[in-house]
Structure formats: C-alpha cells, structure tokens
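Report on one structure; see the data block that follows.
Since every read-out is calculated from the coordinates, none of them should be taken as a lab result. As the structure is a prediction and not an experimental result, all values here were calculated from the model. Every residue, glycine as well, gets a Cβ built from its backbone with ideal geometry; the counts of neighbours run over all protein chains shown.
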Amino acid sequence: MTPRSLIAGIGGYLPERVLDNDALAAAYNLDTTDDWIVERTGIRRRHLAAEGETASAMGAAAARAALDRAGLTPADVDLVIVATTTPDSAFPSTAVRVQGHLGITRGFGFDIAAACTGFVYGLGLADSLIRSGQARCALVIGSEIYSRILDWTDRGTCVLFGDGAGAVVLTATDDPAETRGILSTHLHSDGRHGEILKIEGGAGSTGGTGLLRMAGKEVFRHAVSKLAAVVDEALAANGLGHGDVRWLVPHQANLRIIEAMGRKLKLPPDRVVVTVDKHANTSAASIPLALAEADAAGKLQRGDLIVMEAIGGGLTWGAALARF
Ligand code: UT7
C-alpha cells in the first residue's frame, strides 16, 4: 500500500515591520504613487524583515506554528524542505538551519531554488518522498527575504515584493480509505526564459549585483496562459473539473493575474484566497502564507478541494491539488 500525504497543519510568520505604499515611497525616495501600485498590482502594503532576521529563523517560526496546529512537535519531523531563493547561505542549507533552530536531529533536509514556484515544487518532492516511504512527517516551508535582493532604485520591481514565511506539515497515512491529502503535483520549467526574471549573479558567478531583475510585462504574458494550462492539467489528471474546486490558493504576485485565474476557473471571488494586498509578493512563501491565513480564518473545511498554482523565475511553474 502506497502511503499518501495529509496536510496536518499550516502556519505562517510575518516580520513585524509593515510599510504601506506611501511609507515605502517615502522611505526609499521612490517616484511612484499608491494609486499606481494598487491599480497595477493590488498591493497596498508589505512586511519587511528586520536587520539580522534570516530566512531560516522566519521559516522555523512558521514551522512551529504549523506543528502546533497539527498537534505535533519537532521530534516528529523526519524531512525538512525549504523553498527559498534568499537562503541564509549557500550552505549549510536553510533547511538544515531550520532543523537546528527547531532541535531536529534525525531525518534530512534540503533547499529548493525554484523562485516563486518553490513551494509547489517542495510539496511535490515531499509528497514523492512520503509516497516512496523515505519520510513520514515532512515540513514544507517557503521563506523569503526579497528586501535584501531588491534594487531600491528600480521602482518597477522594488514596490512588488515583501518578506515572510509559511509552512505546511505533511504526514503519511496508510489508510486505504483516506481520500484527503495531496492528490498530485505538476511541475514545469523552461530555461529559455531565464533572462526575464532573475537574480543577477550569485555565489558561484563572477560579477553581477546579486539583485533581482524582471521584465514584468514579459512575465505577465507567460503567467496567465501557463497557469491556466497547468491547473487544467492537474484537474484532468484527477478526473476533476472546474466545478469541483472549492479554493484557489494562487501565488500572490499580482491581483490582476489572480483575478484572471479565478475567472478562468469560474470561481466566485470569495473562493479565491487573496493576500497580495497585505503581503505583496513573498515569492515561495506566498502560497503557504495564504493557506495559513485561510486556515486561521476558518475557511478551509475537511475535504475541501484546494488548487495551488505558481509561476516564477526560471521560468518555473506548477500546480498542486490537495483535499484538506
Ligand atoms: O512572482 C513572479 C511572477 N511575477 C509576476 O507575475 C509579475 C508579472 N508582471 C506584473 O505584475 C506587471 O507587469 C507589473 C506590475 C510588474 C508592471 O505592470 P505593467 O502594467 O506591466 O506596467 P509596465 O511595466 O508596462 O509599466 C508601465 C509604466 C511605465 O512607464 P511608461 O514607459 O509607460 O512611461 C513604467 O515606467 O509604468 C511605469 N512604472 C511605474 N510608475 C509608477 C513602473 N513601475 C512604476 C511604479 N510607479 N512603481
């Protein structure tokens, strides 16, 4: 009997400092307006990490909240996956640092660099490792501090992102009658489009600023068509249709993309979880943060079909279907 992965708990962490659009413009002397940002993106404010705060510490905080919600402790965890493109260091990996913060001494952990799609990739990997019997209790964490890789002189990108972390605990079940849990994940990448959304330089390169660069319109052009296709691929793989979806929990990059996806799935707006207004784009953290917020608000009910989708640098994109 192949085990399946149940969503046992969800948690989030947001740094204390909050800047609305006007405060951001003033703090960084940006030639922008609240009206432009809200109209083009739906973003109204974002949380920014404090000096010295790290992706591993934020991820550990989100993980603690998710474990509490699951009624589990760090001693139960045998796999930690952190999706991040703003790791504390190339190594030790952020996941192993999270183990350290939580006092986890068994099992294994590693990071995934798939930019904004990282959490969906992480769910896919954790689910595969649970199904193959290599793990029984996995923390899948998205944790990002994009404020450290933004060019604060580039108004076209620096207004779009925020910092934060979200985590999901997956536990294995061997019950053949169980129909909940991760149904499937569908992962894609296409390296031809690497230049339209990237970090310039990195630990192993010579030169480069280490800052994020994005051709926003180009990314936008790929987003809706690729996301719609991968969601349909996920539903079809499970013999499900648009009418079966209870919640769309999309990557939170731009309200216009999120609303377009809601319309494609013919979902009423109140079935689409939106946090981009309050969190901005937190990259790999945005889906687990949105899940945590929906769960804390009591929206997610046992058995609800949840669709998660994301697109990001690479290009990478993907979708996951889960029954809560
Ligand atoms: O998370 C990974 C996935 N990322 C995404 O999905 C992002 C996808 N892209 C987008 O969300 C949108 O393309 C943006 C929000 C980034 C930009 O919106 P847009 O409607 O595509 O605007 P644009 O880049 O074409 O810029 C329009 C104008 C330009 O001025 P001109 O050339 O028309 O005179 C920009 O210089 O808006 C200007 N502009 C700004 N104005 C005020 C760009 N940024 C700002 C700003 N404030 N912050």
TODO: Rank-order 110-120, 268-278, 185-195, 46-56 by packing density, defined as the average count of other C-beta atoms within 10 Å over each peptide's residues, highest first.
DONE: 110-120, 46-56, 268-278, 185-195
TODO: Give the long-range amide H neighbours of L79: residues separated by 5 or more places, or on another chain, with amide H under 5 Å away, using H modelled in the peptide plane at 1.01 Å from N.
DONE: F108, C137, L139
Open item on the list: At 0.36 nm per residue, and after removing the present C-alpha to C-alpha distance, how many nm does the segment from D68 to Y28 gain when stretched out fully?
Closed with: 10.6 nm
Open item on the list: Taking a ≥ b ≥ c as the square roots of the Cα gyration tensor eigenvalues, with a/c under 1.5 meaning rounded and otherwise prolate when a/b beats b/c, else oblate, which class fits the stretch 272-324?
Closed with: oblate
Task: Shape of the stretch 4-173, Cα gyration tensor, a/c cut at 1.5 - done: prolate
Task: DSSP bridge pairs, the chain: antiparallel proportion in percent, nearest 5 - done: 70
Open item on the list: As an exercise, use a Förster radius of 35 Å and the Cβ-Cβ distance of R17 and D174 to find the FRET efficiency, rounded to the nearest 0.05.
Closed with: 0.20
Open item on the list: Please give me the summed charge of the neighbours of A55: other residues whose Cβ is under 11 Å from its Cβ, Lys and Arg +1, Asp and Glu -1.
Closed with: -3
TODO: Quote to one decimal, in nm, the extra length available between R256 and R106 on full extension: 0.36 nm per residue of separation minus the C-alpha distance between them.
DONE: 49.7 nm
Task: Alpha-carbon centroid distance for the pair the stretch 74-102 / the stretch 215-249, whole angstrom - done: 29
- [ ] Count charges around T84 for me, please; just the other residues with Cβ under 10 Å from its Cβ, Lys/Arg as +1, Asp/Glu as -1.
- [x] -3
Task: Dmax and Rg, reported as Rg then Dmax, of the stretch 202-324 (C-alpha, Å) - done: 15.4, 51
Open item on the list: Counting C-alpha atoms alone, how compact is the stretch 115-164: give Rg to one decimal and Dmax as a whole number, in angstrom.
Closed with: 15.6, 48
Open item on the list: Can you give the local net charge around A165? Use residues other than it whose beta-carbon is closer than 12 angstrom to its beta-carbon, Lys and Arg +1, Asp and Glu -1.
Closed with: -2
Task: Peptide ranges 154-161, 140-147, 252-259, 202-209 listed from the most packed, as the mean C-beta count within 10 angstrom indicates - done: 140-147, 252-259, 154-161, 202-209
Task: the chain: Cα Rg divided by the 2.2 N^0.38 Å rule of thumb - done: 0.93
TODO: Using per-residue counts of other Cβ atoms within 10 Å, averaged over each peptide, order 81-93, 172-184 from highest down.
DONE: 81-93, 172-184
TODO: Give, in nm to one decimal, the length gained when the segment between D190 and A75 is fully stretched (0.36 nm per residue of separation minus the Cα-Cα distance).
DONE: 37.6 nm
TODO: State which helices in the chain qualify, where a helix is a whole DSSP H run, it must extend 18 Å or more along its own axis by its Cα atoms, and its mean Kyte-Doolittle hydropathy must be at least -0.5.
DONE: 55-70, 118-131, 216-237
